[in-house]
Amino acid sequence: MSLFRPTFDLEPYTFRGEHLREIAFPLGGFGTGCVSLVGRGNLRDWEIFGRPSKGTFLPYTFPMIWMMAEEADARLLALQGPRMTHFAGELSGPWTYGHGNMFEQMDGLPAFDSVEFAGSFPFARVRFHKQNLPLEVELASFNPFIPGDVDSSSYPGACLVYRLKNISNVRVDATLAWTMTNPIGWKVAGEKDQAKGEFFEEEGCRGIRFSNDRFSPNHPSKGTVALSTNWENVTALPKWDQREWWDSLQAVWSAFKETGRLEGGPLGAGTDRAAGSLGAVVSLAPGEEVEVPFLISWVFPTSIKYWDGGDYKDHTWTPFYATQWPTAKDAATDFFKNYDSLTERTLAFEEALFTTTLPTEVLQSVSATASILHTPTVLRLQDGTFWAWEGCGPDQGCCAGTCSHVWNYALAHAYLFPEMQASMRRAEYKHSFNCGPVGQEGALNFRVMIPLGAESTLWHAASDGQLGGVIQLYRDWRLSGDESYLRELWPSAKRALEYAWVQWDRDRDGLVDGEIQHNTYDINFQGPNPLTQFFYLAALRAGEEICIHLGDVATATTYRDLYEGGRRLTEERLFNGEFFVQERAYDDASAPKYQHGKGCLSDQLFGQLSATVAGLGDLVDPALVHKALEAMYRHNFKDPLGDHENLQRVYAFADEPGLILCSWPNGGRPHFPFVYSDEVWTGIEYQVATHFAFDGMEKEALDIVNGIRRRYDGTRRNPWNEFECGSHYARAMASYGLMLALPGLRYDAVSREATLESDGRFFFSTPHGWGQAIRKGGGTKFELREGSLFPA
C-alpha cells in the first residue's frame, strides 16, 4: 500500500480554494490531545497541554524547503499555501488583529501558490503547487488509528511525511526543515523561563528535545516536546539565538537560504523559550523521489482538574499515555521503531474503509466523526480508564464526565475500539451510583466524576442515558461474546433498569409516567412520552434476554410482562396515527414548560433504533414505526431551512439543509417547548438517517447525510469538527450506524452469526477482528485484515 497513492479515488475527499478555509484536521492519539493540520498545510490548535486550545498558532512554527538544481540559484520557500482567512489577523490577544502579526505564521515569506487537501481520516494529504520548481512536493499526515489496538492508536504525536520528487532533468539538492518554537511555558505567566532546545540521537531516531526547567516536577506545564525524524542525513539548529526585533528570523532565513544547512545559523545559549530547526538533507537524481517523515511528539505527565470548584478543584493525575512514554523522546523513539508497521496497519484500515461500496458522503461522515477520538474530547486516566467530555470549548472541555445521555448516541468507539466502550461502561457502573440516597435506589449520576469514586449530589438521573446503558451492555455482550463481562456488569445494569420502577414507571404497567424524566435536552419530560418509553421497552427486552441467558426465568418473565403491557399502551396512547407523541398536549399557557406535547420529535424512536442495532427486534408494530419515520422526514427535514424560526443556538443557516429536532405540523406547539427544539444537531441527524436506512428509506437517509456534508464543506465549517455544545462533539459518532444499516450488516459473537444483505464490499469491525464483508451473487465472505471473525 502506498502512503501517497491509495487504491481508492481521493478526488471526492479533496478540498480546494475557498473550501480550504476552515479545515483543521486533528492529529493526536487517544487521550493525548492533538494539534491540527490546516487547509494550507501548517499547524494550529495546539491542544497538547491537557486541555482544548482552539485557534492557537505556535509562533515561528512552520516547515520550509530549500532547493537548488544544478547550475541554478537556490530557492527557499515556506512550505505552506496562501493564507485563506483572518487577513487582518486572529483575535487572539493584544497586538494581533490589525497589527500585522501574521509574520509569526510566515505569511510574509515566499510560499506555494495553491494547495489541494485530501482528507480521508486517519490520513490527510496535501499537494503543494508552484510554477517552475524542480521538485514535486506532497505531504501525508496521520497518527496511527488501528481498530482494536488502543495502545498503537494512542501515540502522543503528529506524523508529517513529505514526498519530494525531482521532476527536472538535472540533479536537485534539497533540505526540508521544520522550525518549532519551544512550547513549554507558552502563555503561562510567572517566573523566568529556563528553556532548553537540545539535539538528540537514538537508534533510528534523531531530532530536538524541548524542555523548560522553570516548572516543578508536578506542575501541569512541566513536560517535554520533541521534533524528530528517522532520516539519517540531518541538519539542525537546536535553539535559535534570541535577538531584537526580527533579527533572529532574518539571520536563520539568510543563512539557510545561502547554504541549505542550519548549522550556520545563530545558535542560542540563553534560557528564554526559542525556536529550533531540524532539516532532512536529500539529493535527487532526475525522476528520483523520497519520503521524509517528521514527528512532533509531546508528553505532559501531570493533568489537572481545572474545571468546577469544590473539594477536588486542582486534583491532579498522570494521563495514561505518560505512563507508557515518560518523555516525548521516548514516544518518538518507540514510534519510529514501529513506524513501518504502524503506517501499514493504518493504511490497511483506511483502504478497508474507503473502498467500501457506500456513497462517499457516508464514508466522509463516518471517518470525519471518528476523528473525535483523537481530540481532547477523550481522556484516559492514570489507571487506563477512558473518560470524556461531551465536546470541547475554545480553552476547556465542555460538560464533564462521559455524559451517558450524549455518549448513548456514539457508536464508532464501540465497534472500532470496544476496549474503550467497555472501560466507559465499567466506570459508570462502578462509580456513578455514588450519588447519595437515590443512588442506593438505583439512580446513576449521568456524569462520571473525577477523581473516580468521588461522591456527587445527583441532579436528576437521565432516563434515556441510564436505560440506554442497559441496551449497550446487551449489544456489547452480543458483539464480544464475553460471558465474564456480562456477568460482571449485569447486577449493576439490573439495578439501573429497575430504578425505572422508582422514578419513571411507578405503577409498573410498562408505560413511563414519571414527572421527572431527565434527558439529553437538559430538561425533564413529564408523563408518557416516546423518548423515554422506547428506551424503557428496549431495556426491558435487553434485560429479558440477559436473564434468559443467565437462567433467571422469574426476572425474565417480569420484564416480559412489563414489556408486553408497555408495548400495548405505547401503541394505544402515544401513536396519533402519524407519529408518536407525548400523551398530554402541554399547549395551554399554564402548562409546564419544556415539553414537546403533540410535536413530531426527531428522537421519538431513538430507543427503537438502539434496540435494532443491538439485535432486539421490533418493540412495537413496525408499520407504526415506518409511518413515524416518514413523518420525521416529511416534517423535520428542510432543504433549505428557509424561514424556519429558531431563537435558540444556531448550527445551520437559512440557506442550508438540516433536520430540526422537533416540529408541530398539526399545531399545538407549547408556549415554551423543550429547550433546543428548533436546533439542528448532526448527532440526531445521523441517528435518524441510520434508522431510515434500517427501514429501507435509503434516499431519505442519504438526503440527511448529504445535507450535513454540504454544511461541513470547509467554507463555513471544518469537515473534521462537527460541533454541538462545543467542538468535536461525541454525539456525532452516531454516524457509524450507517455502516451497519445501509449494507444490512449483522454480527453476533454469541450465536456466531455474521450476515450481509447487500451486494458489494463493506468495512466491518468487531471485538475480534476487522476487514471487509463481501457479497456477490448471493454468497458472502468475510475477509479479515486483522484478528478473527469469532472468538476462539
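Some notes on this structure:
- Taking the C-alpha atoms only, the angle from helix 553-573 to the longest principal axis of the chain is near 90 degrees.
- Dipole of the chain [Lys/Arg +1, Asp/Glu -1 at C-beta], most positive-end residue of PHE49, THR557, MET632: PHE49
- Taking amide H as placed 1.01 Å from N in the peptide plane, the amide H of GLN582 sits under 5 Å from that of GLY597, GLY599, each at least 5 places away or on another chain.
- Sites ALA623 and GLU698, calculated FRET efficiency, Cβ-Cβ separation with R0 25 Å, nearest 0.05: 0.85
- 3J(HN,Hα) from dihedral phi, segment 158-164, Karplus parametrisation 6.51/-1.76/1.60, rounded to Hz, x for glycine, proline: 10, 9, 10, 10, 10, 9, 10
- Spin-label pair MET1/ASN576, simplified geometry with 7 Å Cα→Cβ offset, distance in nm: 5.0
- If only the Cβ of Lys and Arg carry +1 and only the Cβ of Asp and Glu carry -1, the dipole of segment 395-477 around its Cα centre is close to 140 debye.
- Modelled label positions at ASN132 and ASP73, each set 7 Å beyond Cα in the direction of Cβ, lie 1.0 nm from each other.
- Shape call, segment 220-366: gyration tensor on alpha carbons, a/c limit 1.5: oblate
- Pair ASP588, ARG716: separation of 7 Å Cα→Cβ label points (nm): 4.1
- Percent RCO, i.e. relative contact order, over segment 634-735, from Cα pairs under 8 Å lying at least 6 residues apart: 25
- Global form of segment 623-724, assessed from the alpha-carbon gyration tensor, a/c cut-off 1.5: oblate
- Per-residue Karplus couplings for segment 614-620, computed as 6.51 cos²θ - 1.76 cosθ + 1.60 with θ equal to phi - 60°, are listed in order as 7, x, 8, x, 7, 8, 9 Hz, Gly and Pro entered as x.
- Scoring 702-710, 325-333, 614-622 by mean Cβ neighbours within 10 Å over their residues and listing the highest first yields 325-333, 702-710, 614-622.
- When you filter the trypsin sites (Lys or Arg not before Pro) in segment 597-693 for DSSP loop state and at most 16 other Cβ atoms inside 10 Å of their Cβ, you are left with ARG649.
- Stokes-Einstein D (µm²/s) once Rh is taken as the Kirkwood radius of segment 673-780 over alpha-carbon pairs, at 4 °C in 1.567 mPa s: 83
- Under the combined filter of DSSP loop state and at most 13 neighbouring Cβ atoms within 10 Å, segment 622-695 retains these GluC sites (Glu not before Pro): GLU645.
- Take the Cβ atoms of ALA454 and ASP522, set R0 to 22 Å, and the FRET efficiency comes out at 0.50.
- Student exercise, the chain dipole from Lys, Arg, Asp, Glu Cβ charges, in Debye to nearest 20: 580
- Entry note, the chain: relative contact order of 12 percent, from Cα contacts under 8 Å with a spacing of 6+ residues.
- Here segment 157-201 was treated as a single set of alpha-carbon atoms; its pair distances binned every 5 Å from 0 give 4, 11, 16, 17, 13, 12, 10, 7, 5, 3, 2, 0 percent.
- Largest first and in whole Å, the equivalent-ellipsoid semi-axes of segment 166-303 read 31, 18, 10, each the square root of five times a Cα gyration tensor eigenvalue.
- Relative packing of peptides 725-731, 400-406 - highest average C-beta neighbours within 10 Å first: 725-731, 400-406
- Close amide H contacts of SER727 (hydrogens built in the peptide plane, cut-off under 5 Å, sequence separation of 5 or more or a different chain): CYS392, GLY393.
- Computed over every Cα-Cα pair of segment 573-653 and binned at 10 Å starting from 0, the pair-distance distribution P(r) comes out as 15, 39, 34, 12, 0 percent.
- The 1.4 Å probe gives accessible areas that order THR755, THR271, largest first, as THR755, THR271.
- The residues of the chain expose on average 35 square angstrom of accessible surface per residue, using a 1.4 Å probe on protein heavy atoms.
- Placed amide H near ALA388: partners under 5 Å, 5+ positions off or other chain: LEU379, GLY401, THR402
- Carbon + sulfur, % of accessible area of the chain - ligands and nucleic acids excluded, 1.4 Å: 48
- When Rg and Dmax are taken over the Cα atoms of the chain, they come to 27.4, 90 Å.
- Charge-dipole axis of the chain as Lys and Arg at +1 and Asp and Glu at -1 on Cβ define it, positive-most pick from MET106, SER141, CYS392: MET106
- By the helix-only formula, in which each DSSP H run with n ≥ 4 contributes -39500 (n - 2.57) and the sum is divided by residues, the chain has a 222 nm mean residue ellipticity of -8500 deg cm²/dmol.
- Using the Karplus relation 6.51 cos²θ - 1.76 cosθ + 1.60 with θ = phi - 60°, the per-residue 3J(HN,Hα) values for segment 496-505 come to 5, 5, 6, 5, 4, 6, 8, 10, 10, 10 Hz, with x marking Gly and Pro.
- Distance histogram in 10 Å bins (all Cα pairs of segment 60-201, percent per bin): 9, 28, 33, 24, 6, 0
- Pairwise FRET efficiency - THR755 versus ARG83, Cβ, R0 = 60 Å, nearest 0.05: 0.70
- Judged by the mean number of other Cβ atoms found within 10 Å, the most tightly packed of the peptides 654-667, 66-79 leads the ranking 654-667, 66-79.
- Structural descriptor for segment 710-792: relative contact order 16 percent, calculated from alpha carbon pairs under 8 angstrom and at least 6 residues apart.
- Solvent exposure, largest accessible area first (probe 1.4 Å, DNA, RNA and ligands not counted), of GLU361, GLU419: GLU419, GLU361
- Whether segment 449-514 is rounded, prolate or oblate, judged on the alpha carbon gyration tensor where a/c under 1.5 counts as rounded: oblate
The values are calculated or read from the model by the stated rules, or taken from the named source; none is laboratory data. Since we're looking at a predicted model, the values are computed, not measured. For neighbour counting, all protein chains shown are included, and Cβ atoms are generated from backbone atoms with ideal geometry for every residue, glycine included. We work out accessible area using only protein heavy atoms, side chains counted, and drop any ligands, DNA or RNA first. Shrake-Rupley method; radii C 1.70, N 1.55, O 1.52, S 1.80 Å.
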